Amino acid sequence: MSSTIESDNKPVEISIVGGGIIGLVLTLGLIKRNITVKVYEQAKSLREIGAGVAFTANAIRCMGMINPGIVEALRAVATANGDADDPNDWLQWVDGYNQHTENPYDEKLLFKLYAGYRGFEGCHRAHFLDQLAKIVPKGVVEFNKRLDSISQTGSEDKMVLKFTDGTSAEADAVIGCDGIKSRVRQVILGNDNPASHPHYTHKFAYRGLIPMNKAVEVMGEYKARNQHMHVGPKAHVLHFPVAGQTLMNFVAFVTDPNDWAFEKTMVAPATRVEVQRDFANFGPTVRDITSLLPDTIDKWAIFDSFDYPAPYYNKGRVCLAGDAAHASSPHHGAGAGIGVEDALCLSTVMELVVEACQGNKTSKSQALSLAFEAFNAVRRERSQWLVNSSRSICEVYEWADPVTGNDSEKCFKEIEWRSHKIWNFDIEGMLKDTTADYEKRLDASYSKN
């Protein structure tokens with residue numbers, strides 16, 4: 001060691017691009033650790049696309065470790081599976097296609113999987129985002145800020161964010177939580193890199209919210225108020241309760257051999273008639289559910305990062321998290337949960353950055369770069385596994401996997417181990433690995449000075 005570096009007691013300033021669920025979860029984690037945060041959102045207000053989202057017990061535990069207020073926000077709008085006072089913690093798969101008894105509405109239960117206590121809590125995305133926004137301090141989020149570029153040209157070695165409206169901002173580091181169409185990912189990897197853009201999975205989903213009273217009339221109390229997945233060839237239907245059991249979130253996935261026809265948007269208008277056509281050969285329960293949809297609904301193209309995964313999530317003092325780093329298809333229902341894990345990892349390592357800056361081991365810019373390197377090293381393998389596994393598990397649901405076919409026992413074994421890998425994640429192990437990796441990099445940097 002040839003010299004020491006003066007202590008930097010100025011606050012660490014972080015810019016987060018994107019004000020969705022993961023952006024605000026990370027914001028609340030950093031604020032709790034006394035880190036100055038500014039969020040830049042391109043929309044006119046905070047909004048979430050899509051309808052229902054669900055979190056496992058492990059993801060909710062991560063939220064509590066990030067900031068207990070996040071769990072309170074979720075619980076304010078979350079709906080437990082089944083009876084709120086005695087939640088049903090089993091996820092269930094039924095044969096939505098074949099008739100097994102004289103009663104055509106008697107769908108065969110293929111298997112069920114225990115998700116742990118309160119292991120499946122669903123909510124409307126927009127409702128959760130609204131609750132998160134209530135606990136983010138005023139002035140932290142700035143709207144109508146569409147990112148154009150990021151450069152290291154600011155005063156005091158700051159990163160400069162330039163927006164399409166001609167304005168700019170400075171920060172010590174930038175974290176992109178700007179979703180599947182991430183501009184920050186394009187900045188890191190290059191506009192012409194195919195890994196900078198999501199690609200069509202040749203699946204799309206019809207999405208809708210059905211009044212629970214109507215669902216109960218058609219399906220009965222138990223099936224309507226509890227999560228079920230109705231599987232079948234080349235398509236499947238998922239539903240679960242949201243909004244305090246007043247609505248049933250409905251998602252119907254369909255295999256599409258064609259390219260997505262709507263180049264500039266992932267959402268296209270559709271009709272109930274289209275859904276009924278695509279599920280005309282399924283059993284009467286599924287057909288009756290589709291009859292409850294409104295005349296016009298949305299059809300969502302499923303894009304992901306499977307074909308061209310990001311080779312790294314960081315470059316200098318710019319980093320990606322959530323869908324911006326590893327957009328996944330939704331078939332595991334774990335994309336948001338994995339993003340929450342990202343937020344916990346980043347919150348933890350940023351706290352170590354503050355400690356390093358208050359000591360004399362390295363400069364603030366170097367401390368931040370090393371933190372993002374540690375994040376990339378710890379998080380990339382698991383998050384990319386989810387992208388890959390989500391593709392694979394959809395093939396199992398739709399009897400297209402060459403190994404499992406429509407053999408329910410083989411399908412169950414495949415679903416079981418993949419689900420447990422997500423649900424039983426070693427959170428403390430991740431934090432231990434993050435700390436060890438960061439400190440190792442910090443020590444190596446310190447030795448060079």
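The values are calculated or read from the model by the stated rules, or taken from the named source; none is laboratory data. Here the structure is a predicted model, which is why all the values come from computation and not from measurement. For neighbour counting, all protein chains shown are included, and Cβ atoms are generated from backbone atoms with ideal geometry for every residue, glycine included.
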task = Can you tell me which residue within the range 112-134, out of those that are buried (at least 16 other Cβ atoms within 10 Å of the Cβ) and among the aromatic types (Phe, Trp, Tyr), is farthest from VAL251 (Cα to Cα)?
result = PHE128
ask   = Can you name every residue in the range 345-372 that is within 21 Å of CYS62 (Cα to Cα) and charged (D, E, K, R)?
value = GLU351
note = Among the residues of the range 411-448, the number that are closer than 23 Å to ASN376 by Cβ and over 20 Å from the mean Cα position of the chain (by Cα) is 19
ask   = Only one of ASP192, ASP178 is part of a loop (DSSP other than H, G, I, E, B) and touching a residue at least 40 places away in the same chain (Cβ under 8 Å); which?
value = ASP178
task = Need at least 3 residues that are surrounded by 19 or more Cβ atoms within 10 Å (Cβ to Cβ) per element, so show me which helices (runs of 4 or more DSSP H) inside the range 263-362 make the cut, counting only ones lying wholly within it.
result = 284-291, 323-326, 335-358
Among the candidates ARG317, ARG287, residue that is closer than 19 Å to GLU398 by Cα and of a type in the set (Lys, Arg) = ARG287
message = Any residue at all in the range 287-304 that's touching a residue at least 12 places away in the same chain (Cβ under 8 Å) and at positive phi?
response = no
Residue among GLU355, GLU414, GLU398, GLU428 that is of a type in the set (D, E, K, R), without any contact (Cβ under 8 Å) to a residue 24 or more places away in the chain and within 22 Å of ASP304 (Cα to Cα) = GLU414
request  = With the checklist (1) touching a residue at least 12 places away in the same chain (Cβ under 8 Å); (2) surrounded by fewer than 22 Cβ atoms within 10 Å (Cβ to Cβ) in hand, flag the one item GLU217 doesn't pass.
outcome  = (1)
message = Looking for something on the phi > 0 side of the Ramachandran plot, out of contact with any Leu (no Cβ under 7 Å at 6 or more places or on another chain) and in contact (Cβ under 8 Å) with a residue 40 or more places away in the chain - is there at least one such residue anywhere in the range 324-334?
response = yes
inquiry  = Under 8 Å between Cβ atoms, which residue pairs at least 6 apart in sequence (or on different chains) link something in the range 53-77 that is within 24 Å of ARG418 (Cα to Cα) with a partner that is among the basic types (Lys, Arg) and assigned to a helix (DSSP H, G or I)?
reply    = VAL53/ARG125
task = Please state which one of ALA252, ALA280, ALA270, ALA321 is assigned by TED's automatic domain parsing to the domain that holds SER383 and modelled with pLDDT of 95 or more.
result = ALA321
note = All conditions in (1) of a type outside the set (Ser, Thr, Tyr); (2) modelled with pLDDT of 90 or more; (3) buried (at least 20 other Cβ atoms within 10 Å of the Cβ) are true of VAL71 except (3)
inquiry  = Quick check on this structure: which one of LYS440, LYS421 is farther than 21 Å from ALA325 by Cα, surrounded by fewer than 17 Cβ atoms within 10 Å (Cβ to Cβ) and either modelled with pLDDT of 95 or more or among the aliphatic types (A, V, I, L, M) (or both)?
reply    = LYS440
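This table checks each residue for (1) over 24 Å from ILE70 (Cα atoms); (2) among the aromatic types (Phe, Trp, Tyr).
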{"residue": "ASP342", "(1), (2)": "no, no"}
{"residue": "CYS345", "(1), (2)": "no, no"}
{"residue": "ALA356", "(1), (2)": "yes, no"}
{"residue": "GLN366", "(1), (2)": "yes, no"}
{"residue": "ARG382", "(1), (2)": "no, no"}
{"residue": "LEU386", "(1), (2)": "no, no"}
{"residue": "TRP399", "(1), (2)": "yes, yes"}
{"residue": "CYS411", "(1), (2)": "yes, no"}
task = Could you figure out which of (1) surrounded by 14 or more Cβ atoms within 10 Å (Cβ to Cβ); (2) touching a helix residue (DSSP H, G or I) at 6+ places or on another chain (Cβ under 6 Å) isn't true of PRO104?
result = (1)
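From the list TYR222, TYR206, pick out the single residue that is crowded, with 16+ Cβ neighbours inside 10 Å and over 17 Å from ARG146 (Cβ atoms).
Only one candidate qualifies: TYR206.
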ask   = So, of the residues in the range 247-262 that are surrounded by fewer than 17 Cβ atoms within 10 Å (Cβ to Cβ) and in contact with a strand residue (DSSP E or B) (Cβ under 7 Å, 6 or more places away or on another chain), which turns out to be farthest from PRO198 (Cα to Cα)?
value = PRO257
request  = Go through the residues of the range 35-47 one by one and say whether even a single one is of a type in the set (Val, Ile, Thr), in contact with a helix residue (DSSP H, G or I) (Cβ under 9 Å, 6 or more places away or on another chain), buried (at least 19 other Cβ atoms within 10 Å of the Cβ) and modelled with pLDDT under 90.
outcome  = no
Number of the exception - GLN99 against (1) assigned by TED's automatic domain parsing to the domain that holds THR164; (2) surrounded by fewer than 16 Cβ atoms within 10 Å (Cβ to Cβ) = (1)
Residue identified as buried (at least 17 other Cβ atoms within 10 Å of the Cβ), modelled with pLDDT of 95 or more and either of a type in the set (Gly, Ala, Ser) or not in a helix (DSSP H, G or I) (or both) among SER383, SER445 = SER383
